[in-house]
Amino acid sequence: MKVWESYIRKVEPYVPGEQPKIKDVIKLNTNENPYPPSKAVMDALTKVDLDSLKLYPDPEVTKLNEAIANFYGVNKNQVFTGVGSDDVISMIFMTFFNSDKPVLFPEISYSFYSVWADLHKVPYETVRLDEDFNILVEDFNRENGGIIFPNPNAPTSKYLELSSVEEIIKNNQDSVVVVDEAYIDFGGESAIKFVNKYDNLIVVQTFSKSRSMAGMRIGYAIANEKLIKALNDVKFSFNSYTMNRTAIELGTAAINDKAYFEECCKKIVATRERTMKALKELGFSFPESKANFIFAKHKDVPASLIFTKLKEKNIFVRYFNKPRIDNYLRITIGTDEQMDALIKALKEIL
């Protein structure tokens with residue numbers, strides 16, 4: 001082995017859901033939105049000044065941050081924007097999780113958390129879930145160097161009531177508590193209402209799910225101004241120009257079109273409820289979902305077999321070969337037509 005090879009940082013990378021290279025597939029494996037972005041986004045795209053692309057974008061992302069702040073009724077200095085919520089959360093790890101005490105997150109959760117912890121050399125411990133995949137609030141009442149958890153949780157789809165979220169925040173005021181709300185718009189209540197009450201709270205959201213812009217890579221955090229300033233200080237020490245001009249313009253158009261956002265969320269929730277009913281009739285069980293996906297297992301047929309048979313029919317869902325969840329499939333909610341095709345395929349397989 002070469003000497004320089006011994007200096008390479010060793011990490012186990014996050015493995016994203018498969019992006020099929022073939023056409024004519026039904027893609028229900030990465031929790032994208034099946035509907036196109038708002039027409040306002042399309043209009044904004046046609047108005048992008050190509051000549052302006054020779055210039056660096058606004059490092060403070062002023063226009064988009066102001067639009068996000070207006071949508072949630074907070075100050076623009078309480079908003080931090082990054083290249084998807086993954087970028088935002090990585091910055092949070094780098095900025096706030098720097099003690100010798102372990103960061104806490106659920107044992108079954110977004111698998112990127114442990115990757116970031118290893119990458120940034122942050123000690124961590126996982127917090128158990130009960131047999132029904134519920135987060136146990138009392139288990140966060142221990143010494144820690146920070147807390148992060150999704151709500152609704154991924155991949156389980158379980159939603160933690162806001163009173164329980166507040167209990168975790170209130171009981172850990174010496175630590176930064178991060179509530180990762182990638183799926184909150186599909187049935188839950190956001191913890192953003194607490195950012196002016198608790199100075200240790202950061203709420204993270206994304207444009208990838210409810211605003212149909214996964215390909216644009218826009219995520220954001222909302223917190224008190226001191227926490228946001230600390231995030232910006234780290235960002236400007238790392239890369240001042242994280243958000244490109246097109247993303248800023250299109251993101252602003254998307255968040256300003258509240259009616260389309262609400263319409264899309266409503267359609268996905270309706271399709272989710274209809275799909276859960278159909279899956280139950282086929283012998284599946286699952287937690288009650290508050291996300292844009294269902295976490296389902298069949299009473300007789302192994303998840304791995306269903307996953308393979310669906311893939312043979314060009315229907316992609318997500319399978320996690322991990323302890324406690326290796327007999328579950330995570331099924332993203334698509335259009336009504338896509339979900340009808342899924343149910344038809346499942347009837348054939350089962």
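Numerical summary
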quantity: Ser304 - accessible surface, heavy atoms, 1.4 Å probe, Å² rounded to 10; calculated: 50 Å²
quantity: Computed lengthening from Ala259 to Gln173, 0.36 nm per intervening residue step minus Cα-Cα distance; calculated: 27.3 nm
quantity: Where labels lie 7 Å past Cα in the beta-carbon direction, separation of Tyr7 and Asp43 in nm; calculated: 5.4 nm
quantity: Rounded Å value of the spacing that divides the Cα centres of the stretch 182-215 and the stretch 111-180; calculated: 15 Å
quantity: Contour excess over end-to-end distance, with Cα ends at Lys266 and Leu282 and 0.36 nm allotted per residue; calculated: 3.3 nm
quantity: Antiparallel bridge percentage (DSSP; both residues within the stretch 87-219; nearest 5); calculated: 10 percent
quantity: Pairs beyond 31 Å (Cα-Cα), from Lys10/Lys54; Lys121/Lys309; Lys121/Lys229; calculated: Lys10/Lys54; Lys121/Lys309
quantity: Out-of-range pairs (alpha-carbon distance over 18 Å; input Lys209/Lys267; Lys39/Lys258; Lys21/Lys347; Lys27/Lys313; Lys101/Lys235); calculated: Lys21/Lys347; Lys101/Lys235
quantity: Beta bridges per DSSP with both ends in the chain, % antiparallel, nearest 5; calculated: 55 percent
quantity: Average projection area in nm² (convex hull over Cα atoms of the chain, one quarter of hull surface); calculated: 19.7 nm²
quantity: Gain in span if fully extended, Phe71 to Ser304, counting 0.36 nm per residue against the direct Cα distance; calculated: 79.7 nm
quantity: Helix-only CD estimate at 222 nm, as mean residue ellipticity for the chain, using -39500 (n - 2.57) per DSSP H run (n ≥ 4); calculated: -11000 deg cm²/dmol
quantity: Antiparallel bridges, percent of DSSP beta bridges restricted to the stretch 134-283 (to nearest 5); calculated: 40 percent
quantity: 3J(HN,Hα) from dihedral phi, the stretch 250-255, Karplus parametrisation 6.51/-1.76/1.60, rounded to Hz, x for glycine, proline; calculated: 6, x, 4, 5, 5, 6
quantity: Loop sites in the stretch 205-290: GluC sites (Glu not before Pro), DSSP, at most 12 other Cβ within 10 Å; calculated: Glu288
quantity: Rg/Rg_ref, the stretch 188-324, where Rg_ref = 2.2 N^0.38 Å and atoms are Cα; calculated: 1.37
quantity: Accessible area in square angstrom per residue, the stretch 96-244, 1.4 angstrom probe; calculated: 39 Å²
quantity: Cα centroid of the stretch 16-55 to Cα centroid of the stretch 263-317, whole Å; calculated: 24 Å
quantity: Of all accessible heavy-atom area on the chain, the percent that carbon and sulfur account for (1.4 Å); calculated: 50 percent
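The values are calculated or read from the model by the stated rules, or taken from the named source; none is laboratory data. Since this is a predicted model, take the numbers as computed values, not measurements. Don't worry about glycine lacking a Cβ; one is built from the backbone with ideal geometry, like all the others, and counts go over all protein chains shown. Side chains are part of the model used for accessible areas, which takes the heavy atoms of the whole protein and leaves out ligands, DNA and RNA. Shrake-Rupley method; radii C 1.70, N 1.55, O 1.52, S 1.80 Å.
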